[in-house]
């Protein structure tokens, strides 16, 4: 596809009077379109990056109502489709395994810590899909990065939060490990003795 733009866009948006730089990654499923050897998938006039687990985001999506003020001042609302928690965490598992970014570790910890129905509710969201090999793979990759308080995941959570005081740092690392570990034990991905 000639002239297709790259798959990352940078935009500045104004939220409550403050300009915020937003980076938008355009992702595509791994299994459709161009062959497996290609990193991107043409979508209209752009190239979306293929991402492992992204197919799940298209399959298990949720509809959300958003409301806001348009640049001209008019109020508006729209229904948008977003990835559900299951594909989101699976994709984060794939990402943290491949690119070791602090933000991925923090997103995993944040979702598990703040899921509105708690860890048990999150496990119930995953339960119907635990036989899916792609979902299991994503959770196993999370497990590898959060295998102890000193593994990459908990360390990255502390780094992302810019925590330098040693006691506070150890506390957040322990919390990140314990929450992720508890979730993975309840899904059957790891045993309670693994730590």
### Query
When both residues are 6+ apart or on different chains and their Cβ atoms are under 6 Å apart, which pairs have a first residue that lies in segment 146-159 and is within 15 Å of residue 184 (Cβ to Cβ), and a second that is surrounded by fewer than 18 Cβ atoms within 10 Å (Cβ to Cβ)?
149/174
### Query
Looking at (1) at negative phi; (2) surrounded by fewer than 15 Cβ atoms within 10 Å (Cβ to Cβ); (3) at pLDDT below 95, which is the only condition residue 73 fails?
(1)
### Message
With at positive phi and either touching a helix residue (DSSP H, G or I) at 6+ places or on another chain (Cβ under 9 Å) or outside any helix (DSSP H, G or I) (or both) as the only criterion, which of 140, 162, 168, 125 stands out?
### Response
162
### Summary
Counted residues in segment 128-137 being assigned to a helix (DSSP H, G or I) and either out of contact with any helix residue (DSSP H, G or I) (no Cβ under 8 Å at 6 or more places or on another chain) or outside the structural domain of residue 112 (by TED's automatic domain parsing) (or both) come to 3
### Query
Scanning for something within 25 Å of residue 124 (Cβ to Cβ), part of a loop (DSSP other than H, G, I, E, B) and touching a residue at least 24 places away in the same chain (Cβ under 8 Å), does segment 69-83 turn up at least one residue?
no
### Query
Which members of segment 104-122 meet the condition of being under 16 Å from the mean Cα position of the chain (by Cα) and either touching a residue at least 12 places away in the same chain (Cβ under 8 Å) or at positive phi (or both)?
104, 105, 106, 107, 108, 109, 111, 112, 113, 115, 122
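The values are calculated or read from the model by the stated rules, or taken from the named source; none is laboratory data. Bear in mind the structure is a predicted one, so any value in this text is a computation, not a measurement. Note that we place each Cβ from the backbone using ideal geometry, even for glycine, and neighbour counts take in every protein chain shown.
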